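Input: a single structure, listed below in structure tokens.
Values in this text are rule-based calculations from the coordinates and carry no lab data. Keep in mind the model is a prediction, meaning the values are calculated, not measured. Virtual Cβ from ideal backbone geometry, glycine too; neighbours counted across all protein chains shown.
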DNA sequence: CGCCCGATGTGCT
DNA sequence: GCACATCGGGCGT
């Protein structure tokens, strides 16, 4: 399986958030930190779209916390929640319209020893199969909020990765929305492939 | 493996 | 004061 390492440029993010979420599946998320490379293939992502989407942080309007989502596309929006967890998102276009893609799962490919230690030696399947698990494994927090994802040697960036075959991509409603009203609760804005699907590609 | 629930603290009403 | 785009331990199956 060929994993391409050219960095996606800013224009990749400057379109409909649902399209960005779809096309992020199979890409390579890279974290460079004091000389080491941690990376994985993106398996799962969700779109959050504008102030009218009642599941999106921007539904309360622009605040200090969610301001990054209103900025230009291609930057990381990293926020803190549940008193202990960080979440990694990719801001999408157009500028001024608040939208972002939450990364929910990756398949680790680089830096497995370090990821294992950060994840407290848990089983490999549990390393990065959740949004806060990704940020734990890759050491992401507020320091990297508003970081560009499209810089060639950026500390956090997304590369071309692998091609997901037509028909492999699955969708579902978004996870963890609680009492969010319809139609937002059921919007099929979660895009994903399984670890097994990727491993079967060889 | 699945369900349940407590942890933990910040932003926003 | 409360909700929160979650996680992991404990216990039952």
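Worth a mention:
- In terms of surrounding Cβ atoms within a 10 Å radius of their Cβ, A:3, A:42 rank from fewest to most as A:3, A:42.
- Rounded to the nearest 500, the 222 nm mean residue ellipticity of chain A from helices alone is -3500 deg cm²/dmol, with -39,500 (n - 2.57) taken per DSSP H run of at least 4 residues.
- Debye equation applied to the C-alpha atoms of the stretch A:4-199, log10 I(q)/I(0) at 0.10, 0.11 Å⁻¹: -0.36, -0.45
- Residues in the stretch A:101-132 reached by a label modelled at residue A:201 [backbone nitrogen below 19 Å; 7 Å Cα→Cβ]: A:103-111, A:125, A:128-130
- Taking the fewest neighbouring Cβ atoms within 10 Å as the starting point, the ordered list for A:196, A:95 is A:196, A:95.
- Ranked A:133, A:5, criterion: other C-beta atoms within 10 Å, fewest first: A:5, A:133
- Inter-probe distance in nm under a simple model that places probes 7 Å from Cα toward Cβ, at residue A:6 and residue A:85: 3.6
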